[in-house]
Amino acid sequence: MAGMKKKEKAGLLGNILSKVVSSSLATAAAGILAIIIGLSAIYALHPYISLPALIAIIAFFIMASEKAAPASLQKTIAASFAVAIFLLMFAVPSGELGGGKCPDRTVVGGPLQVRLKYFTSPFCIECILFDKNVEEAQKISGGFTVDYYDIRYCKRQADYYGFPGTPCYAFLSANGTLVKRCGVMPAEEIAQQVALLSSKPG
């Protein structure tokens, strides 16, 4: 009789331990998965839509696990979400891990001796439209150089040009002519401005 009770206790203890272990593994796996998905969104998606995409992905996991998963799992997902947002806002300028370089990247689009110094930010909705217009203007004009500045890390440069926010940009010709603008400029107007500055003698 005593032997049977010991076996029952041992079996009960084994079940509890297995549940704890499986729960911990599930919690850890969910947390790692959430972080991987968050970082993937930051790297793979356009930097300006990675934040809402990340929110949508994590919210889906939270809602999906609300009924079936333990509270610890939901807390882990929420914590992972917070870590990913922190990385996006403070440690990931323009969607790339690293420091705040100014400019953080340069795209040489063609032979024209005109530079577009473009100030942007990850939470700028208008910048999404302007990015597309810049790409289209590259094709129309034959190509020009674009320096991308993340205004979060390049405040000194933004202040130099007198830019209060994003999107703001400056066209700079080879002879030093400077044209400053803010807002979404259509692709045709960008190309026209580039052509005008290119035609001026250097």
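The values are calculated or read from the model by the stated rules, or taken from the named source; none is laboratory data. Everything quoted here is computed from the prediction, not taken from an experiment. Cβ: placed from backbone, ideal geometry, glycine included. Neighbour counts: every protein chain shown.
Side notes on the structure shown:
- Test: residue in region 100-117 that is of a type in the set (Ser, Thr, Tyr), over 20 Å from Leu178 (Cβ atoms) and modelled with pLDDT under 95: no
- Beta carbons closer than 6 Å, at least 6 apart along the sequence or on distinct chains, pair a first residue in region 117-128 that is of a type outside the set (A, V, I, L, M) with a second that is in a helix (DSSP H, G or I) for Phe119/Ala158; Thr120/Cys127.
- For region 156-174, filtered to residues that are aromatic (Phe, Trp, Tyr) and outside any loop (DSSP other than H, G, I, E, B), the residue that is nearest to Asp104 (Cα to Cα) is Tyr169.
- In region 175-191, of all residues being assigned to a loop (DSSP other than H, G, I, E, B) and in contact with a helix residue (DSSP H, G or I) (Cβ under 8 Å, 6 or more places away or on another chain), the one that is modelled with the lowest pLDDT corresponds to Thr177.
- Selected residue (criterion: surrounded by the most Cβ atoms within 10 Å (Cβ to Cβ)) from residues of region 136-155 that are touching a residue at least 24 places away in the same chain (Cβ under 8 Å) and part of a helix (DSSP H, G or I): Ala137
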